[in-house]
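Chemist: I'd like to ask some things about the structure below.
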């Protein structure tokens, strides 16, 4: 018995250490970013978030154009990808049982395996003549890139819904659409939202493909066909060329902003999931 208790204690300690390593790793990343960006935080303060100037020669920096470009391109990607991805998942999980179903599922997996630089080249040569190097080009390209994530996860969540819920709906005379709406979607809502959030997270952090098609102009424009810039793109383009301690610190603070945006987005999504789960239905 003593040996068994000792084994349980070792097992509990090992699993606790594994679980505790996750928040510890996040804390270490946060502390590193805060320390390396201290010069920028001290020099510009909160105004860094709202300033549009970007002139390394005169040490004038502002992150607003990059925040704007990141949010606009990512939200465009979700607007385009979420309906298509969820619709494809519903078709694969609820509508068809033909061989065409497996072919589509395989193509979704293959789409997820394409390197981002290849997507970038496709965006330049195919979408470029249509949209130019612009925010819209970046949004459409990101939508294609996150489509497999939303589709695959939503499909798995829908397939995990107990079949007796569908059978009960059909026994009451529900049509196929009513069965999906009333029996399949409510239990799967939190998972589907999770798939959209994961897609949004990838869109926010995507670097190479966005850098190739967004235009890389640090200006705010209300036209989606105008060039823009994103937080990840400016890091990819200018981090290695930081010529002063302040410039380097500014680059690190941009990475810190990117981390904060990701945390805020996931936090809001988690609150939405809790609301849906507590209500027990789709609002």
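Chemist: I need every pair where a residue in the range 161-177 that is touching a residue at least 12 places away in the same chain (Cβ under 8 Å) and in the same structural domain as residue 94 (by TED's automatic domain parsing) has its Cβ under 8 Å from the Cβ of a residue that is assigned to a helix (DSSP H, G or I) and surrounded by fewer than 14 Cβ atoms within 10 Å (Cβ to Cβ), sequence separation at least 6 or different chains.
Modeler: Once the first residue is touching a residue at least 12 places away in the same chain (Cβ under 8 Å) and in the same structural domain as residue 94 (by TED's automatic domain parsing) and sits in the range 161-177, its partners that are assigned to a helix (DSSP H, G or I) and surrounded by fewer than 14 Cβ atoms within 10 Å (Cβ to Cβ) give 169/178; 176/95.
Chemist: Kindly indicate whether any position in the range 44-51 is surrounded by 13 or more Cβ atoms within 10 Å (Cβ to Cβ), touching a helix residue (DSSP H, G or I) at 6+ places or on another chain (Cβ under 7 Å), in contact (Cβ under 8 Å) with a residue 24 or more places away in the chain and more than 30 Å from residue 161 (Cα to Cα).
Modeler: Within the range 44-51, one or more residues are surrounded by 13 or more Cβ atoms within 10 Å (Cβ to Cβ), touching a helix residue (DSSP H, G or I) at 6+ places or on another chain (Cβ under 7 Å), in contact (Cβ under 8 Å) with a residue 24 or more places away in the chain and more than 30 Å from residue 161 (Cα to Cα).
Conditions tested, residue by residue: (1) outside any helix (DSSP H, G or I); (2) surrounded by 11 or more Cβ atoms within 10 Å (Cβ to Cβ); (3) in contact with a strand residue (DSSP E or B) (Cβ under 8 Å, 6 or more places away or on another chain).
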| residue | (1), (2), (3) |
| --- | --- |
| 6 | no, no, no |
| 10 | no, no, no |
| 14 | no, no, no |
| 19 | no, no, no |
| 22 | no, no, no |
| 27 | no, no, no |
| 31 | no, no, no |
| 34 | no, yes, no |
| 40 | no, yes, yes |
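The values are calculated or read from the model by the stated rules, or taken from the named source; none is laboratory data. Predicted model, so just to flag it, every value in this text is computed and none were measured. Ideal geometry is used to build each Cβ from the backbone, glycine not excepted, and the neighbour counts take in all protein chains shown.
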